[in-house]
Structure formats: structure tokens, C-alpha cells
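Here's the structure, in C-alpha cells; my notes come after.
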Amino acid sequence: MKKTAIFEGAKFTDLTFHSALIHDSEFFKIINFNFKAGQSMPIHSHEIEGQLSIVVLSGEGEFLSEDDSIPAKTGDILVSDISEPHGIHAITDMRVLVTIAPPI
């Protein structure tokens, strides 16, 4: 077992979003991202199989895709294929937790 208090080490920076690797194994990866209001993670994709989830821990923003945006608020979760273009835009200060799960 492993416990991590992600809010304790979580930073918000003025230049760009901050990320912290929480867990990395052959089964899945968990990353915490912190965005100040107005910051974004550009729309991107990875040409690998598997799925990802993005959980909004706090704040409000938008989940981004190539041709749309979906409102994202505390408690919302987005699930998509890793190869599907995705991104995030923060309207308020925002904390998200991303889990990346490649096929086993």
C-alpha cells in the first residue's frame, strides 16, 4: 500500500501548470495537475492503446477535445481513449488527477 497527500505537495505556479507524478507502474500511472485560472493543457493525444481518466478535485474549467469543450467542475470525471485528443482549460484555480491505464 502507498498513501500520498497530494494537496500537501501541490503547487500552483504563475508561468504554467504544475504536475506531480503520484504513481507509476506497468498497470497505470497517476499524475496530479494544478492549474491557475486561465492556464491550459493543450489538446494532445498519445498513439498508444488504453484509456485515461481526468477527475476534477477542485475548481472549474473545461475538458477540451479537437472540436468541442465540456464544462468541468469539482467531482466531474472524463474517461476517454488515450489516443483521443484531450486537454484542459482552467476557469478558476483547478486541481485534477489523471490516471493513465494502458492495456494489460
Inset, instruction - Quickly run through region 89-101 and pick out the residues that are open to solvent by less than 40 Å² (accessible area, probe 1.4 Å) and more than 15 Å from Ile31 (Cβ to Cβ). - result: Ala90
Legend entry - Any hit, region 60-83, residues being closer than 21 Å to Ile104 by Cβ and in contact with a helix residue (DSSP H, G or I) (Cβ under 7 Å, 6 or more places away or on another chain): no
Inset, instruction - Inspect all residues belonging to region 68-88 and state whether any of them is closer than 17 Å to His18 by Cα, crowded, with 18+ Cβ neighbours inside 10 Å and out of contact with any Leu (no Cβ under 6 Å at 6 or more places or on another chain). - result: yes
Inset, instruction - Go through region 2-20 and give me each residue that's under 24 Å from Glu84 (Cα atoms) and not in a loop (DSSP other than H, G, I, E, B). - result: His18, Ser19, Ala20
Inset, instruction - Name, by its number, the condition in (1) out of contact with any Phe, Trp or Tyr (no Cβ under 8 Å at 6 or more places or on another chain); (2) in contact (Cβ under 8 Å) with a residue 12 or more places away in the chain; (3) over 25 Å from Ile104 (Cβ atoms); (4) part of a loop (DSSP other than H, G, I, E, B) that does not hold for Pro42. - result: (4)
Legend entry - Selected residue [of a type in the set (S, T, N, Q) and under 11 Å from the mean Cα position of the chain (by Cα)] from Ser45, Ser40, Ser58: Ser40
Legend entry - Of all residues making up region 21-39, the number that are assigned to a strand (DSSP E or B) and either open to solvent by 60 Å² or more (accessible area, probe 1.4 Å) or polar (S, T, N, Q) (or both): 5
Legend entry - Answer residue from region 43-67, given it is open to solvent by 70 Å² or more (accessible area, probe 1.4 Å) and modelled with pLDDT of 95 or more and is nearest to Ile88 (Cα to Cα) among those: Ile43
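The values are calculated or read from the model by the stated rules, or taken from the named source; none is laboratory data. Keep in mind the model is a prediction, meaning the values are calculated, not measured. For neighbour counting, all protein chains shown are included, and Cβ atoms are generated from backbone atoms with ideal geometry for every residue, glycine included. Note: areas computed on protein heavy atoms with side chains; ligands, DNA, RNA excluded. Shrake-Rupley method; radii C 1.70, N 1.55, O 1.52, S 1.80 Å.
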